[in-house]
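Report on the following structure.
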Amino acid sequence: GSAGTLLKLTNVDTYYGAAHILKDISFSVAEGEFLALIGANGAGKTTLLKTISGLLVPKNGTVEYQNMPVNGVAPFKLVGRGMIHVPEGRGIFPQLSVKENIMMGAFLRNDKAEIEKDYEYALSLFPRLKERITQFGGSLSGGEQQMLAIARAMMARPRMLLLDEPSMGLSPKFTEEVFKVIQKISRDGQTIILVEQNAKAALGVADRAFVIEVGQIVLEGKASELLSNPKVKSAYLGG
Ligand code: ATP
């Protein structure tokens, strides 16, 4: 791969048992790039993120990360190499405080001073969390829990940040708030893959995007161009 390629998928096929979900997926992501994957419910977006973070192992093809094949590498080892997946549904700890939830993201680290810096950065991204720092995670609204999941992910110092459906269950106001922060994180240099059913929100912030239909990439381009693509408009942007 060219210098600066962080992730590369080549002819990837992923199955659930006999069900062939991802079909011949190939693409690369450059260091610092912000890629969005849009598509309908069930198109295979979550399956693709899980294939990247090692939660699923492709039957055919290769996933390369930092110029090394990672097919079959345990997910926690990839976490140690900066592959950080914020799952659909967020997966926060309801009985832990907001601070404890955030600090969970640093559980593989012991560089105390740097952890403290990243904690300040995470809180600067989400002042709302700062105001609720001693509350239980479970007492937060859905939008705040999404913020918490992203703040926790940032504590792992991601090289590759995978975001699955951050708008899920969020009001338009919270969606906008969360997406503004995702955009800021991207502008701070973070490499991001964002999976979204909310095509409008995703295309509004990403650099490049793919449309996924039944496990295949059917369209790709600059996010700003896809926003005005007639096919994307009629199928994903409500005409
Ligand atoms: P959503 O946003 O609704 O999750 P998606 O595009 O992320 O949609 P996937 O969750 O990747 O879609 O699902 C792709 C296909 O794989 C769907 O047909 C789904 O029913 C199927 N699928 C997902 N998880 C499993 C599983 N554990 N076992 C069998 N089939 C599954």
*Among (1) in contact with a strand residue (DSSP E or B) (Cβ under 7 Å, 6 or more places away or on another chain); (2) open to solvent by less than 80 Å² (accessible area, probe 1.4 Å); (3) not basic (Lys, Arg), where does Glu220 come up short?*
(2)
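Identify the residue in segment 60-74 that is open to solvent by 50 Å² or more (accessible area, probe 1.4 Å) and not hydrophobic (A, V, I, L, M, F, W, C) and, among all such residues, is nearest to the ligand (Cβ to nearest atom).
The qualifying residue nearest to the ligand (Cβ to nearest atom) is Asn60.
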*Which of the residues that make up segment 38-57 are of a type in the set (S, T, N, Q) and at pLDDT 95 or above?*
Thr46, Thr47, Thr51, Ser53
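A quick yes/no check of all residues on (1) hydroxyl-bearing (Ser, Thr, Tyr); (2) open to solvent by less than 60 Å² (accessible area, probe 1.4 Å); (3) within 16 Å of the ligand (Cβ to nearest atom):
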| site | (1), (2), (3) |
| --- | --- |
| Phe34 | no, yes, no |
| Thr51 | yes, yes, yes |
| Pro58 | no, yes, yes |
| Phe76 | no, no, no |
| Val86 | no, yes, yes |
| Val98 | no, yes, no |
| Lys117 | no, no, no |
| Glu144 | no, yes, no |
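Please tell me if Leu108 is surrounded by fewer than 16 Cβ atoms within 10 Å (Cβ to Cβ) and modelled with pLDDT under 95. Spell out how you get there, then give the answer.
Details: surrounded by fewer than 16 Cβ atoms within 10 Å (Cβ to Cβ): yes; modelled with pLDDT under 95: yes.
Answer is yes for this residue.
Any idea which of Thr47, Thr62, Thr51 is among the hydroxyl-bearing types (Ser, Thr, Tyr) and out of contact with any Pro (no Cβ under 8 Å at 6 or more places or on another chain)?
Details: Thr62 fails: out of contact with any Pro (no Cβ under 8 Å at 6 or more places or on another chain); Thr51 fails: out of contact with any Pro (no Cβ under 8 Å at 6 or more places or on another chain).
When all the criteria are applied, what remains is Thr47.
Sort through Gly138, Gly143 and tell me the only one that's touching a Phe, Trp or Tyr at 6+ places or on another chain (Cβ under 7 Å) and of a type outside the set (A, V, I, L, M, F, W, C). Walk me through it before giving the result.
Working: Gly138 fails: touching a Phe, Trp or Tyr at 6+ places or on another chain (Cβ under 7 Å).
Result of the check over Gly138, Gly143: Gly143.
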*Among (1) within 16 Å of the ligand (Cβ to nearest atom); (2) farther than 19 Å from Leu226 by Cα; (3) touching a residue at least 24 places away in the same chain (Cβ under 8 Å), where does Ala30 come up short?*
(1)
_Can you find, within segment 1-32, the residue that is modelled with the lowest pLDDT among those that are open to solvent by 50 Å² or more (accessible area, probe 1.4 Å) and among the hydrophobic types (A, V, I, L, M, F, W, C)?_
Ala3
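Every residue, every condition in (1) crowded, with 22+ Cβ neighbours inside 10 Å; (2) at pLDDT 95 or above, yes or no:
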residue: Phe126; (1), (2): yes, yes
residue: Gln135; (1), (2): no, yes
residue: Arg152; (1), (2): yes, yes
residue: Leu161; (1), (2): yes, yes
residue: Lys180; (1), (2): no, yes
residue: Gln197; (1), (2): no, no
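The values are calculated or read from the model by the stated rules, or taken from the named source; none is laboratory data. Nothing here was measured: the structure is a model prediction, and the numbers come from that model. In this analysis, Cβ positions are derived from the backbone assuming ideal geometry, glycine residues included, and neighbour counts consider all displayed protein chains. Protein only, heavy atoms only, side chains kept; ligands, DNA and RNA dropped before computing areas. Shrake-Rupley method; radii C 1.70, N 1.55, O 1.52, S 1.80 Å.
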